Amino acid sequence: MTPDQYCEDKAASSGSSFYYSFRFLPAERRRAITALYAFCREVDDAVDECQDLNVAKAKLAWWRGEVGRAYLGQVDHPVMRALQPHLKAFQLPQSQLEEIIDGMEMDLHMVRYQRYQDLLLYCHRVAGVVGQLAARIFGYRDERTLEYAHELGVAFQLTNIIRDVGEDARRDRIYLPMDELQRFNCPAMDILHYEESEAFQALMAFQIERAQEQYRKAWDLLPAEDRKSQRPGLLMAAIYRATLEEIRQDGPAKVLNQRLSLGTGRKLWLAWKTWTFGYQP
């Protein structure tokens, strides 16, 4: 199996919305973004699929070393072998790949966030910088596009947090800010015990609206001249926003007991519609 095929299989098996947006890209950009996505999956799995804290730390330390070796042209893992040729071609900063690892490392120590501002650091590391790396691969002319990409990445992460509340609770993680739970009179134990209270419904409605506003904020930052090149990110935005709307319509409390995901057919339809007719903010 080639390194590129390894990354392709990694992306396809995840069922992620990201995978469907890659399909419309030219071959080189598709290989690059698929390798970047596979890298993110590998370092995320190093934390989520490991029960031993010390082993998880060791895995992330190894990946940090592998990133450094990639910029020296010395790599071992098939994901980094696939990504390495694109580091210079698309000017992907080493510091940003390392920041992604910093974000994954936060999951080893942080299972609660007191304030939204605290959560934003996590979102910046695991999603905002990923958005900027992706924007470089997609291509851009205006530097403001990197700011748009960062804010769009944060919007994706806020959507993931909303979608995965129940799944995260089963790992004893609550990403929703503690001061907001207090504001809506929703005890953390209600989430950990999957209790579908009116307080939780109100809390989640607030989270959904904030995420939707984050998408609008990102769109407003995207320069018109880069809207065509950044269409893959906008495809993802269409799929993610549709997921938010499904959660809102079905009742936000359902995320406590199930992980909502759009079907493959609908994802492909949304991707084609957005690619063909443009993004509707």
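The values are calculated or read from the model by the stated rules, or taken from the named source; none is laboratory data. Note that the coordinates shown come from a computational prediction; the quantities given were computed from them, not determined experimentally. Note that each Cβ is placed from the backbone with ideal geometry, even for glycine, and that neighbours are counted across all protein chains shown. SASA here: full protein model, heavy atoms, side chains in, ligands and nucleic acids out. Shrake-Rupley method; radii C 1.70, N 1.55, O 1.52, S 1.80 Å.
Values for this structure:
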item	result
E167 being charged (D, E, K, R), open to solvent by 10 Å² or more (accessible area, probe 1.4 Å) and under 25 Å from L234 (Cα atoms)	no
Filter pass, D226 being charged (D, E, K, R), modelled with pLDDT of 90 or more, over 19 Å from the mean Cα position of the chain (by Cα) and surrounded by 18 or more Cβ atoms within 10 Å (Cβ to Cβ)	yes
Cross-chain or 6+ apart pairs with Cβ under 8 Å, the range 184-210 first and among the basic types (K, R), then at pLDDT 95 or above	R210/L158
Condition check for D45: open to solvent by 10 Å² or more (accessible area, probe 1.4 Å) and either outside any helix (DSSP H, G or I) or touching a residue at least 12 places away in the same chain (Cβ under 8 Å) (or both)	no
The one condition in (1) more than 29 Å from L25 (Cβ to Cβ); (2) touching a Ser or Thr at 6+ places or on another chain (Cβ under 6 Å) that H193 fails to fulfil	(2)
Matching helices (runs of 4 or more DSSP H) fully within the range 92-152 where at least 2 residues are at pLDDT below 95 and touching a Lys or Arg at 6+ places or on another chain (Cβ under 7 Å)	none
So E213, is it open to solvent by 60 Å² or more (accessible area, probe 1.4 Å) and either farther than 23 Å from L119 by Cβ or without any contact (Cβ under 8 Å) to a residue 40 or more places away in the chain (or both)	yes
Check on A188, open to solvent by 70 Å² or more (accessible area, probe 1.4 Å) and among the hydrophobic types (A, V, I, L, M, F, W, C)	no
Residue match in the range 17-30 (condition: in contact with a Phe, Trp or Tyr (Cβ under 6 Å, 6 or more places away or on another chain), in contact (Cβ under 8 Å) with a residue 60 or more places away in the chain, more than 28 Å from R171 (Cα to Cα) and not β-branched (V, I, T))	yes
Odd one out for A155, checked against (1) open to solvent by less than 10 Å² (accessible area, probe 1.4 Å); (2) at positive phi	(2)
Where a residue in the range 218-229 is at negative phi and its partner, wherever it lies, is assigned to a helix (DSSP H, G or I) and surrounded by fewer than 16 Cβ atoms within 10 Å (Cβ to Cβ), with Cβ under 9 Å and at least six apart	L221/R144; L222/R144; P223/R144; D226/R144
The listed residue being of a type outside the set (D, E, K, R), touching a residue at least 12 places away in the same chain (Cβ under 8 Å) and closer than 29 Å to R163 by Cα, out of Y6, Y71	Y6
Qualifying positions in the range 62-73 - out of contact with any helix residue (DSSP H, G or I) (no Cβ under 9 Å at 6 or more places or on another chain) and either open to solvent by 30 Å² or more (accessible area, probe 1.4 Å) or outside any helix (DSSP H, G or I) (or both)	L72
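Residues checked against (1) open to solvent by less than 10 Å² (accessible area, probe 1.4 Å); (2) at pLDDT 95 or above:
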residue: I174; (1), (2): yes, yes
residue: F200; (1), (2): yes, no
residue: L221; (1), (2): no, yes
residue: E246; (1), (2): no, no
residue: Q249; (1), (2): no, no
residue: V255; (1), (2): yes, no
residue: T264; (1), (2): no, no
